[in-house]
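Encoded as structure tokens, the structure appears first; notes follow it.
The values are calculated or read from the model by the stated rules, or taken from the named source; none is laboratory data. It should be emphasised that the depicted structure is a prediction, and the values quoted were computed from it without experimental measurement. Every residue, glycine as well, gets a Cβ built from its backbone with ideal geometry; the counts of neighbours run over all protein chains shown.
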Amino acid sequence: MTASPLPPSEQLEAVAVSPDGRLLAARDSRRTVFLWDAASGALRWRDQSDNHRYDLAFSADSERLFILDYGGVSAWDVATGERLASWKDDRSSQSDRLALSADRSRLLAHIHDRLVLLDAADLSVLARWGCGPNESDYRVRYHDADLHPSGDVVALVQGEYGAEHGAVFRVGQDEPLATFERASRLRFNAAGDRLLIMNDEETRVLPWPPASPRQALPSLPSFRSVERLPGALLLYSRHGMVSLQRDDEREPAWDTAYYEPPEALAAHPEGGVFYSTHGSWIARRSLEDGRLLGVLPSARGYQVTAAALDPETNRLVVGDREGRIQVWDLDTWRRITLADPSPSQPDEAVARKSLGEVKGLLIRGETLWAVCYSGLFGWRGWRDIARPPDERVDLPGSVKSVTPDGEHLVAYPNDGEGYIICALPGGAIVGRIPRLEGYQAPTAGPRGELLFRAEDGEQNSTVEAWSSSDGGPLGVLEVDGSASLCAVDASGAWLEIHPREEWNEEEEEEDEPVSGEGPFMVRWDPRASTVEEAVSPSVLERLGVQGQAWQDMAFLGDGLTVMGNHRSGISLVDLAAGSCALELTGRDSGLRLLHRSGDRLITGDCSGEVRVWSLAERRCVGSLGSGPHGSWWTAGPRGLQHEQGPMGWRTP
């Protein structure tokens, strides 16, 4: 457990609110649990685990937080963040959800092929239902379960996929009280007098206990999840629609759709609010009409797409996919300014959307140029850019990429006829490339090459090189196998080749490759029409980078190459010697940017975090990031710094 001011940066997949409404808990995709003060939005503590975690629930007195993990349940002190008690099943397995009785004295833990009823006071086992020892047999696993508000009745769903059926049991009895066909989820309402039987097509509502003959109430659409409230249900559909359905009304009291559908919901009826998670941030909304009351920001920023480092001032400029441009002082490790190139727009989100992704950043003396999806923007005296840009160049198309030397950009024209090549920073058109059917967007090289890659259905690839200076063809490479373009340096294009494989097509066996050597790397110089093997399969295997789908490569000289894949790995390798000089560790999110300036390496990932690495010291010297709601943080030589002002709930 760490008392850290940093809010979540990964997707929040579970949320719970305490019965007294004072506390809010959430769990992210990285197995971290967060606890906030619900009123102020202040983060109390966070705890990260190596064990998978699934669902959350509070005790009746709001003093303990229950965490459902991989085959067990644990109770945590909300004041200290310490584990108080735990129950572990004899077989660890994937878990699904926690269900509580109305008085929260009993917990039902749904763990793959077992259901376990626990006493909330000490996590002792009161009852259990099991399907057998074969955990991999999905025909007998439990798909869903719910606990009646009384705590004495359990509803469950089991069976093969596509043929699930539901049953309701009283605790301590073997015979079901009722069974139901075509049921993928079962839920009781808060009063316990109605049972919702859900499948992919509809939600049937039955009185409980069932009458004879069985009489259904008006049905509802299909829903992904249900939060039970006194006299009402908070429903979340498969299409991102959230609605409030009162028990005695045919139509919902309100419904609303979200641009970013919620992942999880939790309601506090006494406070008249409910909470929904959207990515890594949380929204608080009114139960009366569904309107937004506030947003709890996250530490996750927008995906970093461009960077430029000015060695004279030691200032780093970064751009992201939402059009934001930030300047950071690496001497003080503080953010200097945040630029919005379209501040005249009243709606900031609309302004950024119209600007588009930052494709490249160029420092030309005292002017900073941002190459964005929709055009070029320039600031003179760029060290203070919290103002509208001084220059704007509209382009006759949408920008796709910028050459590594910063001399040209490639854009897809509005008329759809191939690609256009523009000189930087003025934006003058200097060439045009005809449309290449079936080819991916081009990759730009430092000598003016634009490389297009295509692959047919027979595992054969074609790579074409065109000049970015005049749009003329340079060469074509036909590859017998799948070719992935890794990088382009002064000596040519580096391609990772996966040879075509022959397949075993015998009737009684699954198709398996029976021949084909491992991947290797070649260097192709389209100007000289030469191809040579640069890295053999054995070297790639020895380096541990075989088949890693490299997102980017940077050639540092002295035989060293920085290779980063789309997952999280960064390695300094000597390709000629087949040795790895250094592995840069400490990242846990997919790499999206690799930028070298002198002996420093700048990396950016899809969570918005930027890291600065010293190649001389071979370590990370600092990291920085900013959330979408104005907060920022750095972790440098001065320790962790965080802008405290904007934290907490933001009102719309």
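General remarks:
- Single match in ALA38, ALA60, ALA75 (criterion: surrounded by fewer than 19 Cβ atoms within 10 Å (Cβ to Cβ), touching a residue at least 12 places away in the same chain (Cβ under 8 Å) and of a type outside the set (Val, Ile, Thr)): ALA60
- Taking the stretch 274-284 as the range and being assigned to a strand (DSSP E or B) and within 28 Å of GLU609 (Cβ to Cβ) as the test, the residues that pass are TYR275, SER276, THR277, HIS278, TRP281, ILE282, ALA283, ARG284.
- Criterion (under 14 Å from LEU35 (Cα atoms), modelled with pLDDT of 95 or more and of a type in the set (Gly, Ala, Ser)) met by exactly one of SER62, SER105: SER62
- Scanning the stretch 65-89 for residues that are at pLDDT below 90 and hydroxyl-bearing (Ser, Thr, Tyr) yields a count of 1.
- Elements of type strands (runs of 3 or more DSSP E) contained in the stretch 382-433, each with 3 or more residues being under 21 Å from GLU464 (Cβ atoms) and touching a Phe, Trp or Tyr at 6+ places or on another chain (Cβ under 8 Å): 397-402, 408-413
- From the options GLU541, GLU464, GLU449, GLU437, residue that is acidic (Asp, Glu), surrounded by 13 or more Cβ atoms within 10 Å (Cβ to Cβ), modelled with pLDDT under 75 and under 24 Å from LYS400 (Cα atoms): GLU449
- Residue identified as hydroxyl-bearing (Ser, Thr, Tyr), surrounded by fewer than 20 Cβ atoms within 10 Å (Cβ to Cβ) and at pLDDT below 85 among SER225, SER184, SER150: SER225
- Condition check for LEU287: in contact with a Leu (Cβ under 6 Å, 6 or more places away or on another chain) and at pLDDT 90 or above: no
- Selection count, the stretch 165-176, where residues are in contact (Cβ under 8 Å) with a residue 24 or more places away in the chain and either part of a loop (DSSP other than H, G, I, E, B) or among the polar types (S, T, N, Q) (or both): 2
- Figure legend. Inter-residue proximity from the stretch 517-541: first residues in a loop (DSSP other than H, G, I, E, B), second residues among the aliphatic types (A, V, I, L, M) and at pLDDT below 70, beta-carbon distance below 8 Å, spacing 6+ or different chains. Indicated pairs: GLY518/LEU540; PRO519/LEU540.
- Figure legend. Inter-residue proximity from the stretch 9-22: first residues more than 22 Å from GLY272 (Cα to Cα), second residues in a loop (DSSP other than H, G, I, E, B) and basic (Lys, Arg), beta-carbon distance below 8 Å, spacing 6+ or different chains. Indicated pairs: SER9/ARG300; GLU10/ARG30; GLU10/ARG300.
- Residue within the stretch 281-293 that is closer than 26 Å to SER623 by Cα and of a type in the set (D, E, K, R) present: no
- Scope the stretch 309-341; condition surrounded by fewer than 16 Cβ atoms within 10 Å (Cβ to Cβ) and in contact with a Ser or Thr (Cβ under 7 Å, 6 or more places away or on another chain); matching residues: PRO311, ARG334
- Qualifying residue in the stretch 327-342 (condition: at pLDDT below 90 and closer than 30 Å to VAL242 by Cα): no
- Residues of the stretch 368-404 satisfying the condition of being closer than 20 Å to LEU316 by Cα and loosely packed, with under 14 Cβ neighbours inside 10 Å: ARG380, GLY381, ASP384, ALA386, ARG387
- Of all residues in the stretch 42-59, those that are over 18 Å from ASP103 (Cβ atoms), assigned to a loop (DSSP other than H, G, I, E, B) and either modelled with pLDDT of 90 or more or under 22 Å from the mean Cα position of the chain (by Cα) (or both) total 4.
- Matching residues, the stretch 257-273, being surrounded by 15 or more Cβ atoms within 10 Å (Cβ to Cβ), assigned to a strand (DSSP E or B) and either without any contact (Cβ under 8 Å) to a residue 40 or more places away in the chain or touching a Lys or Arg at 6+ places or on another chain (Cβ under 6 Å) (or both): VAL273
- Only residues that are closer than 18 Å to ALA121 by Cβ and loosely packed, with under 13 Cβ neighbours inside 10 Å were counted in the stretch 80-92, giving 1.
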